[in-house]
Every structure is written in structure tokens, then in C-alpha cells.
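Chemist: Can you keep this structure in mind? I'll have questions shortly.
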Amino acid sequence: MKTRLGHAKTAAIGAALLMVTSACSSGGGFGAGGSAPSGGGTSTGPLTVLIGSSGPAETKAVTAAAAAFTKQTGIKVTVTAAQNLTQQLAQGFAANSAPDVFYLDPVSFQSYAEKGALYAYADQISNPADFYPALKSAFTYNNTFTCVPKDWSTLGLAINESDWTAAGLTDADIPTTWSQLESVAKKLSTGGRAGLVLAPDHTGVDDFIYQNGGTLLSDDKKSAAFDSSQNVQAVSFVKTLLTSGAAKFPAALSAGWNGEAFGENKAAMTIVGNWLVGTMSSDYPSVKYKVVTLPSGPSGTKATLSFTNCWGIPASDSRRDEAVKLVDYLSSAEQQMTFAKEFGVMPSRESDAAAWTREFPSETAFLQGSPYAHADLAIAGGTQTISNYDSLVAQLASSDPKTLLSTVQTNFEALIKQNG
Amino acid sequence: MAAQIEATAARPAASARRARGRRPRGGGIRGREAAAGWLFTAPAVLMIVVFLVVPILMAAWVSVSDWSGIGNPFGGGAHYVGTRNYSALLTQGGLARQQLVQSITNNFYYVLLVVPLQTVLALFLAVALNRRRLAGRGFFRTAYYFPSVTSTVAISIVFLFLFSGSGVVNTILGDLGANGPTWFADPNGLIHLLLGVFGVHTPPAALANHGLLGQSWWDWLSGPSIAMTVIIVLSIWTTSGTFMLIFLAALQNIPAEVEEAAIMDGTNAWQRMRRVTLPMLRPTLFLVLTLGLIGCWQVFDQVYIMSQGNPSGTTLTPAYLSYLTSFGNQQWGEGAAISFLLFAIIVVLTVLQRFLLRERDAGR
């Protein structure tokens, strides 16, 4: 009896010690992370690259490019496709183990740049002036071009060719102004089919706002002008399209997004980015369509939106020099053309324009938008404010454009104040 | 078990000791028992401390700090900011409060429908399965329990397909001549839609111009959106199997004699259910309602997979909003504060429910 309890006591003390040590080790882990000079990144082993992949083709292409880089430089690289990039990145930064190189969207870029978590390396990349201006502006924080865009997309007007000819329209009727857009959309609306389907979020109206000479956020993200009269006018025009039945949001056509509505021919036209091309060739290969540039606003202003991601490198990365070398390799004009061929993206360097146009003649309209492309809306900590803007736009058909924009203005002003 | 035996064995010795008078504390067989007790519970205590207590305390610190999400929240990067995160959510009329209030409204309707319906369905299934003469009882028991053991992720994805714009549900509705909505893109509230049937499309001024916490009464009374309704149906379907099992176990504990006695007293089936079975199930009912209530206020995975809070924020729930604020928006303090507000809501409602379900027979 005595010995048994003795054992028990020893074991109890052992368990208590274990508890203490485990508590220590968790505390120690945090302490070590905080005090270490180089928090982010991996300090040994291969460079880690975390990508938000669009699919197996992209993962394969990036992995192959990384392998070629290893062959050239001897620096080992591991490419991982994230399940949820934003979440995994946040976890990495919190645990001081952020990947050495990662995809970064413009909104997250603003948030991380504001916290000083990003390494501003863009000037170390060969020929940084070669990147398109809209993309450089998307990844500029405090007047510093920080990280380089990996590729990009713009919005174009996609037209279903058989609907177009069936309505008796010719190439001469391709809309170049808002009023022409409205009239062809009305002509193409027959039966249950809408003439035009728009994205039910801020990208569905922002292009019209820019075409009308309006603005959203200033370049330094310190002021907002959502409720200007040009903006109200532009959003009112979109509302007219929606209420007249010439344009519809995908939900009104029982479609998940505008590309689906277009592919299933529930709409004859859509304003959409390069991502439509992949969907059409894989899901709706029989649909004949073409892409043209967006019409200009009443004053003749041309505008489109650009969407992009950059190659992020953590500021505290102990191996950032190697990481910069890798990004330099991945963002080179030659490598970007390879990516374009393998998973259909548009290179972010102007020097690729000629080669890309030769390779993808049917998609040139997307590239033609580059001189007047505006970077998509982004501001530090703006995810929820922007998604609220999206929800309001989704209900545009039944709301007042002026009230909508002033609500958005109030929300962004509050966010700007909060960002300080 | 061993401790129990020892306790029984120790009892005469202890009483003898008391009779003899004072003995130094901590000595003797009882003291060693305490040490052994701690030993036996050590693994569980350890797990709870490391994986529950410590993280909760850490989150509590984050909720009153300005931690940016970069590096260690305990390493000097984060500063104490008092109740700033909480006041941004509760007192300032910005987007943060608006979304929190919307998420609470959504979740309130979710709880209001899921908890009673899943409890009633679970009880109904359990009573049906408890009938002594039922062919293929094993089959039905497995069939009803099946959704509960299948992963939520898999079920959610199947539901996404079923309820997509051109999915199975809408095809069947179409065959029946009805026009199904675009389930996951429809932000219209059920109560608003119902009022629309009676011709009420715009809110009366009394409801539109007044409200609570910055949300008008009209919006409070929207009801769950079409998208939320799909998630509600999914939840009822998946969880009622689990609760059916709990009810079934409780029903089988009710002695057959009780029912026989009730039959002898000339009761009909409904009276037996209402007056005999249900009162005997009260502790189980309390358990099921409490688990349901807590689980429902924490709904996250279905929202994360199926709707991400869309359309128009009508499927936002506090748990998902907390995630979104922290991971999406990088506002970790506010995200942690939301989770503590959610905790407060759950505690208050559980206490309230305990009060409502308390034993009242004693007073009669």
C-alpha cells in the first residue's frame, strides 16, 4: 500500500513537473519569437513559397519555375499551394514563421504594409519601371513601390457572338459609349435572357465611376470621394440599366456569378476580367464569344479596373536577399510569358505586351485597357468595409444611388480615421 | 474506481480518527488520496489548462490590446488599450457595430429555428425508434444518425450543389411549376417576404426610424434570409441525429412499468407523452437544449464553407465575424472582443434557459 501510494506521489510530482515544463515551453516559444531579431521566414532549409493557386496548372507551373531557379542558383525552394492564403499568411506572421515569398492581394498588401511587415524590395528587381503603372500604384505604400506584381487582369466587355448576330448587330454596333451600351443591351434582352450581366459587387460599378471621371480613394488612401456627383451619376446609370431590364445581376438570372450567366447564355454580354477565358474554355467550350474594350463615359473618358497580386516578402525575413533573387527570377519577362502560356494570366511587364498579343490575339482587349486601368479598390483593414460596399451594390436595383454612396463614404471615412 | 474502493475502505478509519480527536492535517491515508486524485485528473487538467484556459487568457489579453497580428502578442508589440475594441463594437455607430448587430440578428433567427426544430425532430425520431415493435430498427437508427457522423464539410458541399441556382432543388421546384430562388444569393428575409405576400413592402415609419444598437426594428424583424434558411435546414438535419441518440438512451431508461401503469390509468398516447414521458425526460431535454443553444450560437463551419457571410451579410454569425475581423481584416483585438461578447451572450442565454426549465413541481 505504502509503496503504491509512493509511486503515485512520484507520478503526481512528475505530472505536475510536466505541466510546468509544458507551460514553460509554450511561454518560451513565444519569448523566443519575440526576442529573435529575424522573426519572419525560415532560417534554414529551402525557401518557402506560399501561393494562392487557381488550380493544378498554376501550382505545377510555379513549382517548375522554382525548380529551374534552384538549378540555376543552387537555392532550394519549396512551393506550397495554400488552402486559404489570407488565413495561412496571418497565422505565419503571428507565429513569426511567415513564408519567405507569398502571393499578396492589394487589400492585404495595404494592411501588412501599414504594419511595416513587408520588405520593400521592388527597386532591387531588374527593370522595375517595366511594370504597368496601375500595378505599381497598387503596390506602392507611402510613395515606395514595395513588392512587384506577379501578373494581372483587367475588365473587358465579353459578347456572345451568336446572340449578337441573331439580334441583327454587326461589328459596327460594338458599343463605344454608355448610350450605345444601353441600346445594344436592350436589343439583346429577349425572353428570359438579359442583354448584359454585371458583377454584383463594387467591381460592377467602379469601372462606370472611373469612366464618368469620378474617383474613389486618393492614392495615399487618406481621403475618400465616394459620394461625388460624378459617382452618383455613374451609379445611377447602372441602376437605370438594372431597372430597365437591359442589365441584370447574376442572382436575378439564377447564376452564381456573371461568367456562369454568360456561359449558360442567360446573358448576351458581360463585363468581366481575364478569368472568364479559363471558365469558357473548360465549362462552355461551344459558346462563341469575343472580348472588346469597355465603352467610354459621357465625356469620352475610357477606364477599366485592374486586379493583381504581388510577390510579398516579410520585412523581418532573415533570407530576404535570396527571396528577392527568387522573385526577380519569377517576375522576369521571360518567366511571365511561360506562366501566361501555362495558366492564362496576363504578364505584369510592358515588355511582354507584343509577345502576349501574338500568343493570345483574342484576348488583346484586356491588354488594350492597360493605359487607362485603375487599380481595384484597396485600403488597409478594408476587407469588411469593401465587402459592405459589395453588399450594397448587390441591392442597387432597389436602392437609392446617392444614399448608397454616402453610406459607403461614411464607412470609408471612419476607416481612414481609424487608420490614422 | 480504485479511489472509490479506497474511500469506502478508509471510512471506518476516518470515523475512528474523528472519535480520537485531532490529528495533524495532510497526513494519513486521506491526504495521500488527494495527491492520487490530482494524479488521476492530471491528464485532463493538463489538457484543459494548456488548450483551454491558457488560450482563453491569451485571447482575453488580445481583446484589450492593439496587437497587429505580427509576432508575439506578449512580446512588447502589443499595448494595452483598455476597452477600446469593445467600445468600437458596442457604442460607436460604425460598420463594426453594424456588422456585429447584423450577425447577432442572423444568429438569433438561426437559434430560434434550429434549437426547437432539431429538438422536436430528435424527440420524434427517438420516440418512433423506441417503439418495441418496429421492423428494421437498427437500419433506421443508423440512417438517422448518419448525417451526424458525416463531416460538416462534405454535407455543406453537397448542399451547395443541391441549392445552386440550377441545382437539384430548383430543378424539382421547376418540374412542380414553382420558380425556386437563387438560394445562396438571396438576402431577402423570410418575415419580410411573408409581409410582402400581404402587400407590405416598405416598412412603417415606426419600425424604419427607430431601432436598437443602430439597427432599425424593421431590420431586426427581417427573419432569416433565404440563404440562412438553407443553412438552418442543413443544421437541423445534421444535428437531430445526435440528439435523437441522447433521447433514445433516456427513453430506454424509463421503465416499461411506468407506461403500463399509465395505460392502466386510462391515459391516451398523447397524455402519456405529455404527462409521463416528457417530465421524465426533463434532464435530457435540458441537456439537449443547452447543447443545442451553445452549438447554435457558435455556428461557424457551415458559414465558412457555404456562404462566407454573403449575401449582403445575411449569413454572418458572431463566430464567423470574429474570424473575418481577425484573419481577413487584421483587427485582432476587435476579433477577440467579438468572441468574448459571444461568450457573454451564450452564458446569459444558458442561465436564462436554466431558469425557464427549472423544476417547478416542488411548489405545487
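The values are calculated or read from the model by the stated rules, or taken from the named source; none is laboratory data. A quick note: this is a predicted structure, and the numbers were derived from the prediction, not measured. Cβ: placed from backbone, ideal geometry, glycine included. Neighbour counts: every protein chain shown.
Chemist: Which of the numbered conditions does B:SER326 fail, given that it passes all the others? Conditions: (1) within 14 Å of chain A (Cβ to nearest Cβ); (2) under 15 Å from the mean Cα position of the chain (by Cα).
Modeler: (2)
Chemist: Go through (1) part of a loop (DSSP other than H, G, I, E, B); (2) in contact (Cβ under 8 Å) with a residue 40 or more places away in the chain; (3) touching a Ser or Thr at 6+ places or on another chain (Cβ under 8 Å) one by one and return the number of the condition B:GLY223 breaks.
Modeler: Among (1) part of a loop (DSSP other than H, G, I, E, B); (2) in contact (Cβ under 8 Å) with a residue 40 or more places away in the chain; (3) touching a Ser or Thr at 6+ places or on another chain (Cβ under 8 Å), B:GLY223 violates only (3).
Chemist: Does the range B:32-71 hold any residues that are closer than 25 Å to A:ALA117 by Cβ and within 7 Å of chain A (Cβ to nearest Cβ), and which are they?
Modeler: Selection gives B:SER68, B:GLY69, B:ILE70, B:GLY71.
Chemist: Is it the case that some residue within the range B:188-195 is part of a loop (DSSP other than H, G, I, E, B), more than 25 Å from the chain's Cα centre (by Cα) and farther than 23 Å from B:LEU100 by Cα?
Modeler: No: zero hits.
For (1) away from every other protein chain (no Cβ under 14 Å); (2) under 24 Å from the mean Cα position of the chain (by Cα), each residue gets a yes or a no:
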| site | (1), (2) |
| --- | --- |
| A:ILE75 | yes, no |
| A:ASN84 | no, yes |
| A:GLN91 | no, yes |
| A:TYR103 | yes, yes |
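Chemist: Let me ask something else about it. Counting only residues that are surrounded by fewer than 17 Cβ atoms within 10 Å (Cβ to Cβ) and either among the aromatic types (Phe, Trp, Tyr) or in contact (Cβ under 8 Å) with a residue 24 or more places away in the chain (or both), which one in the range B:186-211 is farthest from B:SER156 (Cα to Cα)?
Modeler: For the range B:186-211, the residue satisfying everything is B:PHE198.
Chemist: Can you tell me which of B:ALA269, B:ALA344 is more than 14 Å from chain A (Cβ to nearest Cβ), within 30 Å of B:LEU190 (Cβ to Cβ) and surrounded by fewer than 17 Cβ atoms within 10 Å (Cβ to Cβ)?
Modeler: B:ALA344
Chemist: Can you name the residue in the range A:108-118 that is assigned to a helix (DSSP H, G or I) and within 9 Å of chain B (Cβ to nearest Cβ) and is also farthest from the chain's Cα centre (by Cα) among such residues?
Modeler: A:GLU114
Chemist: Scan (1) closer than 30 Å to A:LEU104 by Cβ; (2) more than 13 Å from the chain's Cα centre (by Cα) for the single condition B:ASN268 breaks and write down its number.
Modeler: Status for B:ASN268: all satisfied but (1).
Chemist: Can you pull out the residues in the range A:185-203 that are touching a helix residue (DSSP H, G or I) at 6+ places or on another chain (Cβ under 8 Å), surrounded by fewer than 23 Cβ atoms within 10 Å (Cβ to Cβ) and part of a helix (DSSP H, G or I)?
Modeler: Selection gives A:LEU188 alone.
Chemist: Which numbered condition in (1) outside any loop (DSSP other than H, G, I, E, B); (2) in contact with a helix residue (DSSP H, G or I) (Cβ under 7 Å, 6 or more places away or on another chain); (3) of a type in the set (Val, Ile, Thr) is the only one that B:THR315 fails?
Modeler: It fails just one condition, (1).
Chemist: Let me ask something additional. Which of (1) in contact (Cβ under 8 Å) with a residue 40 or more places away in the chain; (2) assigned to a loop (DSSP other than H, G, I, E, B) is the odd one out, the single condition A:GLY168 does not satisfy?
Modeler: The single condition A:GLY168 does not satisfy is (1).
Chemist: Residues to consider are A:VAL287, A:VAL327, A:VAL277; find the one that is out of contact with any Leu (no Cβ under 7 Å at 6 or more places or on another chain), in the same structural domain as A:VAL235 (by TED's automatic domain parsing) and in a helix (DSSP H, G or I).
Modeler: A:VAL277
Chemist: I need the full set of residues from the range B:186-211 which are within 14 Å of chain A (Cβ to nearest Cβ) and of a type outside the set (D, E, K, R), in order please.
Modeler: B:PRO187, B:ASN188, B:GLY189, B:HIS192, B:LEU193, B:GLY196, B:HIS201, B:THR202, B:PRO203, B:ALA208
Chemist: Next question, about the same structure. Sort out for me the helices (runs of 4 or more DSSP H) sitting completely within the range B:78-185 that have 1 or more residues that are surrounded by 14 or more Cβ atoms within 10 Å (Cβ to Cβ) and within 14 Å of chain A (Cβ to nearest Cβ).
Modeler: Correct list: B:84-90, B:95-130, B:152-162, B:168-175.
Chemist: Take the range A:257-283 and flag every residue that is crowded, with 18+ Cβ neighbours inside 10 Å and within 14 Å of chain B (Cβ to nearest Cβ).
Modeler: Those that are crowded, with 18+ Cβ neighbours inside 10 Å and within 14 Å of chain B (Cβ to nearest Cβ): A:TRP257, A:ASN258, A:GLY259, A:GLU260, A:ALA261, A:PHE262, A:GLY263, A:LYS266, A:ALA267.
Chemist: Since A:GLY214 meets every condition but one in (1) under 30 Å from A:GLU413 (Cα atoms); (2) in the same structural domain as A:ILE271 (by TED's automatic domain parsing); (3) assigned to a helix (DSSP H, G or I), which condition does it not meet?
Modeler: For A:GLY214, the exception is condition (3).
Chemist: Condition test on B:LEU342, is it more than 27 Å from A:GLU114 (Cβ to Cβ), touching a Pro at 6+ places or on another chain (Cβ under 7 Å) and aliphatic (A, V, I, L, M)?
Modeler: yes
Chemist: Among residues belonging to the range A:119-143 that are out of contact with any strand residue (DSSP E or B) (no Cβ under 6 Å at 6 or more places or on another chain) and assigned to a loop (DSSP other than H, G, I, E, B), point out the one that is surrounded by the fewest Cβ atoms within 10 Å (Cβ to Cβ).
Modeler: The qualifying residue surrounded by the fewest Cβ atoms within 10 Å (Cβ to Cβ) is A:ASN143.
Chemist: In addition: Counting just the residues of the range A:255-274 that are part of a helix (DSSP H, G or I) and under 21 Å from the mean Cα position of the chain (by Cα), which one comes out nearest to A:LEU242 (Cα to Cα)?
Modeler: It comes out as A:ASN258.
Chemist: Separate question: Which number in (1) of a type outside the set (A, V, I, L, M); (2) surrounded by fewer than 22 Cβ atoms within 10 Å (Cβ to Cβ); (3) within 14 Å of chain B (Cβ to nearest Cβ) marks the one condition that A:GLY382 misses?
Modeler: Among (1) of a type outside the set (A, V, I, L, M); (2) surrounded by fewer than 22 Cβ atoms within 10 Å (Cβ to Cβ); (3) within 14 Å of chain B (Cβ to nearest Cβ), A:GLY382 violates only (2).
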